[in-house]
Every structure is written in C-alpha cells, then in structure tokens.
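One structure below.
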Amino acid sequence: MPTENAKLLIVDDTALVRALLSAILARSGYTVRSAEDGFSALAAIRRQVPDLILSDLYMPGMSGFELLSVVRRRFPAIPLIAMSSAFSGASVPPGVAADAFYEKGTAVSYLLDMLEALIHSERMPAIEHSSAPAPIWIPGNGHNPAGGPCVTIACPECLRTFPQSLNEDARSIHETDCVFCRALIHFAIVELADSALPLEKKQPAAGRP
Ligand SMILES: [Zn+2]
C-alpha cells in the first residue's frame, strides 16, 4: 500500500531521469521533489527535510558520494538509496553511505519495493560510530583562483558549502571549521579523477527518439 505521502527527494543530473522517476513515484503516492546535484539537494534539504533520499552517484558539481556522506552524518535517521548504472547488483557499493542500492535500468518495481521497505522500517540512528565520525568524501580535483589545490566542503551541520584551499597534498584526513556555523569538519580527499568516472551519463537513454 502506498505510503502516507512520504516525502522523497530525487537527486540526478539527468533531467529525463528526474522527470521519469518523479512521475512514477508521485503516481505511487509519494510527495516528490528533485534536485540536479548534491549542492541543490542540500539546499532542498535545508528548506524541508525529506523522509527518504534517492540519489545518483556520479554527478557534476557535488556527487552522490559526497551528498550521501554529508546527509548520513547530519540526518542519520533518513533512509538513503544510492542509484547508478555504474555498479551492478543489489548491494551498496563499497564506501557509499546508503541503506540500499538501485541499479539504474533494472525494473522500477525493485525500487518501489525498496522504498516501501525503507520507509516503513524503524531505522536505528547510527549509534555505532565512535568518537571520530567517518570523514566526508571530497573529490580533490578543484583549484582556487591562484591555481592551488582546492576542494569544496559541505558542512554536515548547517549543510552549507564553501571552498577550502589545501596546503599539502595528502590523502590523509583533514580538519577545518565551517565558515558559517564553526562546526569542526573532518574530511578526506578521495580521487575521483575524470578519467576514473564511468561515462554512464553521456549515453543517450534507450528509447529516446
Ligand atoms: Zn556549518
């Protein structure tokens, strides 16, 4: 039975995917909003916290890897579904902060079942994390105006984003204070070099004229 107007947020950089999923899920009784990348998703979450988030992984701007890690830290009770065509199977790809994984292109009924199960489950807030919470994923591919390495940090407390220059090149964990709310943020630089990105999004969707 469709859920009592649970509020979903769909995050995908492909307008066609957003439109299709929005239509299908609205017809299934959900209240649906959508966002085109992690940045606009955070803005949407600041306006209204959804009951569940369904996010693509590879998106320009802020990826789903980052978005999900930030949301998990800030709202550990919100169920998260990652989706992609870059991974196959039903298990959540390693390192992705999500409760379930939907392989794009497989039957939408899988996704609907997943949504129902997650929305009706009593999620335990993540109490297992110890004193040091997992760091946020940040792709280390930006540059500041002076040409130095720079990353965009998403604050898991206030959900705002700001640029952060790096003075050392390391894959280690860094710390900074949020420029808006002063929260201490731990972050780790991960390599999401362009060459490593599967070009899943650049292929025209099947069935397009
Ligand atoms: Zn903040």
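Among the conditions (1) modelled with pLDDT of 75 or more; (2) surrounded by 15 or more Cβ atoms within 10 Å (Cβ to Cβ), the only one that Leu197 does not satisfy is (1). Condition test on Ala26, is it in contact with a Lys or Arg (Cβ under 8 Å, 6 or more places away or on another chain) and surrounded by fewer than 16 Cβ atoms within 10 Å (Cβ to Cβ)? No, not satisfied. Restricting the first member to segment 4-22 and to residues that are outside any strand (DSSP E or B), and the second to residues that are among the aliphatic types (A, V, I, L, M), the beta-carbon pairs closer than 7 Å and six or more apart or on different chains are Ala6/Leu52; Ala6/Ile119; Asp13/Met59; Leu16/Ala205; Arg18/Ile10; Leu21/Ile10; Ser22/Ile10; Ser22/Val32. When we screen Leu111, Leu118, Leu57 for residues that are surrounded by 16 or more Cβ atoms within 10 Å (Cβ to Cβ) and under 24 Å from Phe162 (Cβ atoms), the only hit is Leu57. Taking the conditions (1) away from the ligand (no atom under 16 Å from the Cβ); (2) modelled with pLDDT of 65 or more in turn, Cys181 satisfies each one other than (1). Ala82 passes every criterion in (1) touching a residue at least 60 places away in the same chain (Cβ under 8 Å); (2) part of a strand (DSSP E or B); (3) touching a Ser or Thr at 6+ places or on another chain (Cβ under 7 Å); (4) of a type outside the set (Asp, Glu) apart from (1). In this structure, is Val71 surrounded by fewer than 17 Cβ atoms within 10 Å (Cβ to Cβ) and either assigned by TED's automatic domain parsing to the domain that holds Ile45 or among the aliphatic types (A, V, I, L, M) (or both)? Spelling it out, it is not the case that Val71 is surrounded by fewer than 17 Cβ atoms within 10 Å (Cβ to Cβ) and either assigned by TED's automatic domain parsing to the domain that holds Ile45 or among the aliphatic types (A, V, I, L, M) (or both).
For Ala44, the conditions (1) in contact (Cβ under 8 Å) with a residue 24 or more places away in the chain; (2) of a type in the set (Gly, Ala, Ser); (3) in contact with a helix residue (DSSP H, G or I) (Cβ under 9 Å, 6 or more places away or on another chain) all hold with the exception of (3). Take the conditions (1) loosely packed, with under 12 Cβ neighbours inside 10 Å; (2) at pLDDT below 85; (3) under 30 Å from Asp51 (Cβ atoms); His186 misses just one of them, which is (1).
Residues in segment 33-51 that are assigned to a strand (DSSP E or B) and either among the basic types (Lys, Arg) or surrounded by 22 or more Cβ atoms within 10 Å (Cβ to Cβ) (or both): Arg33, Ala35.
The values are calculated or read from the model by the stated rules, or taken from the named source; none is laboratory data. These figures come from a predicted structure and were not determined experimentally. Backbone-built Cβ (ideal geometry, glycine too); neighbour counts: all protein chains shown.
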